[in-house]
1. Counting other Cβ atoms within 10 Å of each Cβ, which trypsin sites (Lys or Arg not before Pro) in region A:23-107 have at most 13 and sit in a DSSP loop?
2. Run lengths n ≥ 4 of DSSP H only: what is the helix-derived mean residue ellipticity at 222 nm for chain A, with -39500 (n - 2.57) per run over all residues, to the nearest 500?
3. Which whole-number percent is the relative contact order of region A:259-352 (Cα, under 8 Å, 6+ apart)?
4. For the full complex of protein chains and a 1.4 angstrom probe, list A:K215, A:K251, A:K30 by accessible area with the highest value first.
5. Among the trypsin sites (Lys or Arg not before Pro) within region B:16-51, which fall in a DSSP loop and have no more than 15 other Cβ atoms within 10 Å of their own Cβ?
6. Can you pull the semi-axes for region A:7-99, root of five times each eigenvalue of the Cα gyration tensor, sorted largest first, whole Å?
7. For peptide B:73-83, what's the mean number of Cβ atoms from other chains within 10 Å of each residue's Cβ?
8. When the Cα centres of region B:11-43 and region A:150-224 are compared, how far apart do they sit, in Å?
Amino acid sequence: MEKSHNILVLDDDVDWLNLCNEMFAHLPSKPEIRTVASGARALALLETEPFRLLVCDLKMPRMDGLQVLSIVRRRFPELRTVVLSGLEDEEFRSRAYALGVDLFWLKTDMQANSQMFLECIESLMGRDMEGGFRGIQSKSLMDIIQMECLSRSSTVLRITRGPLVAKLWIQNGELIDAESEGARGEAAFYRILAWKSGTFENLPAEPDRERTITKPVNALLLESAQAIDETADSVEPGSIEQTAHRKTIWKLAQLTREGAEFVIVVPPEGQGEIETMGTQPSEPLAKWARRAVETAKRLGERIEAGPLSHVAGHNLERQMLVLNQENKCFLVGWPPNVAAGPLFEKSKKLVSSWDS
Amino acid sequence: MGFLKRFFRSRAAVQQLPAGSVAVDRNGHVVTYTVSSAYPKELLRDIGQEVLSLFREARAAQMPLAEVSIHFTSLHITARELRGGAIIFLFPQAAFSPITTKPRL
């Protein structure tokens, strides 16, 4: 399928639109440039034509740039967005990035460093939107580990998947240790390999790291691939029950390890059963969690506060945190003596590993 | 000043985030606030009413809450229950100057 390389520029200043039109015409990818002076017109155009990039001003009459961007983020998640504003207030920069914009430039900077700005735009236009590990897209984690080992390098690979962090120690092309979610050695390595996406970075080598993995990396990769295949193929009648049981045990272990009291998983209304762990199924609590997310989202849109992170509440007996992930709400209950500060990170970690 | 603003209102603007505190009674009426007077009153009322509805629904679920906080990427709202009403603290969040104030009981 042919990729569209169209740019939509939104600004209420017609002179500025003309300037942008002229500047973007010099981009090497020769995109087609469309300009509009109102947010409503921009949204209408985005509905009807394919665009790769939206360049948006913030200060505009009727519908401001942040309102446009919050709608764009919901309706066109794959569209790249750039804010080009004259507002130097740091608050607006933060709010724009919170809405997921790819780039924020001040109009004054853009005129002073026009070449750099154009290079950034060109880079955004050409960036692929496929999955995989950021940095080496379309490569799996297995490929990355093999590349490191084949090149006989010594490094520490730090792999991040949401709040989950893992590390692989490679010394002279040999995998010597792995660590993930409290596990170490081969068990941690197999767990990491199950991750389908994430980000990774190379840290300096740690030659003094204690060796816990003695098997050659290729043997480990082969075993891991076989295990993944077997899991995918296993459809024996008894095994489904066993898998469900193992999953329940594992979830309880996670809950205990993190120190949470209970988790209630709430699907969207009318789409499946409420799942609970550590407490009795509670329809009123689940309903409250669902309503809390709906209320907060509605309020966030009304006051332009950016995407919802979470809702928390507490009384003398308990602390509670509601997270919204992929249409599901997770209500996590914590004892009152757990410090409130890291509660969000701990809940996020619990929910991520829970759902994986 | 309010009189002059009617005639010299700027045409294009970006909505500021509210910063300060708001006290609402049990009916959702704003009793007092320290948020800038430029911030729309109806939005303050909306915030108050939505927060009260969270407290009310939590009570209905047999889980009365003393404090509720809503965390958006750009704004943190913390509300304490006050005899059916609430006092609400609004903290805008900036990437380079995070406000970490967190009132606790």
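1. On the way: sites: A:R34, A:R41, A:R52, A:K59, A:R62, A:R73, A:R74, A:R75, A:R80, A:R93, A:R95, A:K107; in loops: A:R52, A:K59, A:R62.
Answer in residue order: A:R62.
2. Roughly -13500 deg cm²/dmol at 222 nm, from the helical runs in chain A.
3. 30 percent
4. Listed by decreasing accessible area, they come as A:K30, A:K215, A:K251.
5. Numbers: sites: B:R26, B:K41, B:R45; in loops: B:R26.
In loop regions of region B:16-51 (DSSP not H, G, I, E or B), the sparsely surrounded trypsin sites (Lys or Arg not before Pro) are B:R26.
6. Equivalent ellipsoid semi-axes, largest first: 19, 16, 13 Å.
7. For this peptide, the per-residue mean of nearby foreign Cβ atoms is 4.
8. 51 Å
The values are calculated or read from the model by the stated rules, or taken from the named source; none is laboratory data. The model shown is predicted, which means the values in this text are computed figures rather than measured ones. Don't worry about glycine lacking a Cβ; one is built from the backbone with ideal geometry, like all the others, and counts go over all protein chains shown. Each accessible area value is taken on the protein alone, full model and side chains, heavy atoms only, with ligands, DNA and RNA left out. Shrake-Rupley method; radii C 1.70, N 1.55, O 1.52, S 1.80 Å.
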